[in-house]
Amino acid sequence: MRLPIGVRFLWVLIGVMLALMMPLLSISHLMLQWSIASHNQLTQRQLVIAAVDALDRTLATVVRHVDDYAIWSDAHAAIRRRDTDWVRRNIVDKLPKQFHYDFVVVVDTQGRGIAQTAGDWRWLGQTQPFQRARRGTSSVGLHRHGGAIYMLAAAPFVDEEWRRSPAGVLVVGRKVDEALLARLCQSVGYGCVLRVQAVSKNLSSHLASAGRADNRVRITQSASADCPSSPCNAQLLYDGAGQPIALLQVESARTEPPWLSEVLRATKQYLLVSSGVLALVASLTMVLLLQSHLQRFMVATRRLANGDWHARVVYTARDEFGSLAHAFNQMAQQLQQAFDAQQQQRDQLLAQNEELERVYQQLQQAHLELATLNAELVEANRALAQAAVTDGLTGLQNHRAFQEALHSAVQMAERLQQPLSLIMMDIDHFKQFNDTFGHPAGDELLRQVAQVLRESARAYDVAARYGGEEFALLLPNTALEQAVQVAERLRQQIRALENPHAPISASFGVATYRRGTSPATLLHEADTALYRAKHSGRDQVCAYQPQAA
């Protein structure tokens, strides 16, 4: 059931108003979400700065430990006299247990090892902290080796009064692993998770060309495609030489307060409800106003539909409804004039209808006569078409029809990749038979041979009188061996014909279609095989062999 126009108009107005208001509501909602996202990014950035500061404090603690053990007169004296047992007992074995270092290495001023923890630490000699310690300056920094990031601290061994030159270098290292990152997270707070990821060499070279960093963690705003995190929650870490070696990532729990989500949801619901109510009230007001004006037109329209041609709409205002009332009144006046003119035309049409009825009867009679003549013409055309493709004496297809069938069969065999064979047949000594026993006897012999071909051919084979005493049998989807068997059977059947004048025999040439050749080639090869059969004694079947040609 169709809805009234007022209801439909109401729904259209509501839909239009909501469609106009929804983008504004969506933009307001997106702006609020953007503010929350910006707040979250600021919080993430503060976490990154706090994590970097915690890592800096840890590095400062490591260098203080190294200085405490390096500025020690007893240690200075033990290294001077190369007392390996004392160094191992008081430094190398003690530092890893007390401060959880992964390795401790003690060398003299010439770089020769005195004591160290297990492992090969020769790579430490190339690090920036070690080089600075050999020059007499304590140093700490990060270094990447073998895919791992280490905190390295190195200090020269001096006596407590700094009156003598350094005796050696103390180097300690701690791998930046999950346990260390977990302790840093506890110092940062906020329930965050820290991760360290090594950066590629290409990125390291690119960033290193911009400038060198000092021996502490360097905060930077640069980002690269090799860095999987955005700058708001990640920072590059640099080694002592100022080369970027790793990316420090910080992941924290959702920082959006629960009350903010609740306010966002309540605001969204309020905007939706208020928009819907506003659209409904405005639409109802507009619909009621329109209905009050349309009621006049509905009354006049009903009167006009019931045949009251004097119905008019009274509306004096000069607005759109006034224009519509003026157009309606003009239409009613024109309808009245048209109705009067129609009454006059109706009488004329009744008189003309009687005349047309009489003419119609005459046309019906003529139509029947034309239908009879058309049926006779169709039958005559069918007979002519049949005569055009059929040999009048034998009833087989004539030469023209055979040529068309041959071209079609070759195209089909080429497209379907199927074999196609052709049998050419010639009645032996037919001219002599015709001269001896007369043309009627020769015609009867041709009809007998044609009957043999017609009975032996399959439904889709093409049997034709090629010319004179020569016949052709086209065998689709038939290989050469099968065609030779068919020709041999035909030869025997023709030889078995009972002719009152003389025994009958025939010669056969068989060929098969070769891919890419023309229909004329197939016809020539079959005719060549027939020629060989006739010159080899007649009454036999010869197949065309390309290698023998």
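Note on the chain: with charges restricted to the Cβ of Lys and Arg (+1) and Asp and Glu (-1), its dipole about the Cα centre is near 3680 debye. Among 329-342, 445-458, sorting by the average number of other beta carbon atoms lying within 10 angstrom of each residue, highest first, gives 445-458, 329-342. Here the residues Phe157, Phe103, ranked from fewest to most Cβ neighbours within 10 Å of their Cβ, fall in the order Phe103, Phe157.
With +1 assigned to the C-beta of every Lys and Arg and -1 to the C-beta of every Asp and Glu, and no other charges, what is the dipole magnitude of region 313-382 about the Cα centre in debye, to the nearest 20? Mind dumping the intermediate values first?
Details: 4 positive and 10 negative charges, 44 e Å.
I would put it at about 220 debye.
For semi-axes √(5λ) of the Cα gyration tensor in Å, the value calculated from this model appears in [x] 105, 66, 15; [y] 45, 25, 20; [z] 42, 33, 19 under label [x]. The phi-based Karplus calculation (6.51 cos²θ - 1.76 cosθ + 1.60; θ = phi - 60°) puts the 3J(HN,Hα) values of region 394-403 at 9, x, 7, 5, 7, 4, 5, 5, 5, 4 Hz, whole numbers, x for Gly and Pro. Proximity of backbone amide H atoms, modeled 1.01 Å from N, is registered between Ala543 and Val510 at under 5 Å, excluding neighbours fewer than 5 places apart on the same chain.
Relative contact order of the chain: 10 percent, from C-alpha pairs under 8 Å at least 6 residues apart in sequence.
Do the sum for the chain: with -39,500 (n - 2.57) for every DSSP H run of n ≥ 4, divided by all residues, what is the mean residue ellipticity at 222 nm, to the nearest 500 deg cm²/dmol?
Details: 14 runs with 305 residues, N = 549.
After summing the helix terms and dividing by residue count, I get -19500 deg cm²/dmol.
What the phi angles of region 94-101 give under the Karplus curve with 6.51, -1.76 and 1.60, with θ = phi - 60°, is a coupling list of 7, 4, x, 6, 7, 10, 6, 7 Hz, glycine and proline written as x. Decide, for region 1-111, between rounded, prolate and oblate: order the square roots of the alpha carbon gyration tensor eigenvalues as a ≥ b ≥ c, take rounded if a/c falls under 1.5, and otherwise choose prolate if a/b is larger than b/c, else oblate. Prolate, because a/c is 1.5 or more and a/b exceeds b/c.
Can you give the alpha-carbon Rg of region 399-548 over 2.2 N^0.38 Å, where N counts its residues?
Numbers: Rg = 15.1 Å, N = 150, 2.2 N^0.38 = 14.8 Å.
The value comes to 1.02.
Taking amide H atoms as placed 1.01 Å from N in the peptide plane, the amide H of His145 lies under 5 Å from those of Tyr150, each 5 or more residues away in sequence or on another chain. Taking the number of Cβ atoms within 10 Å of each Cβ as an exposure proxy, the fewest-first ranking of Ser292, Ser26, Ser139 is Ser292, Ser26, Ser139.
Report the rotationally averaged projected area of region 416-499 based on its alpha-carbon convex hull, in square nanometres. Please list the in-between numbers first.
Values: hull surface 22.6 nm².
Averaged projected area of region 416-499's Cα convex hull equals 5.7 nm².
Less than 5 angstrom separates the built amide H of Gly111 from none of the residues sequence-distant by 5 or more or on a different chain.
Looking at the chain, send over the antiparallel percent of its DSSP beta bridges, to the nearest 5. Could you put the intermediate results ahead of the total?
Details: 54 of 60 bridges.
Rounded to the nearest five, the antiparallel share is 90 percent.
Annotation: the residues Ile91, Ile27, sorted from fewest to most other C-beta atoms within 10 Å of their own C-beta, follow the order Ile27, Ile91. Each residue of region 435-440 is assigned a 3J(HN,Hα), and the resulting list reads 6, 7, 9, x, 5, x Hz, derived from the Karplus form 6.51 cos²θ - 1.76 cosθ + 1.60 (θ = phi - 60°), x at Gly and Pro.
Here, each number is a calculation from the coordinates, and none is a lab measurement. Since the model is a prediction, treat every value here as computed from it, not as a measurement. Every residue, glycine among them, receives a Cβ derived from its backbone with ideal geometry; neighbour counts consider all protein chains shown.
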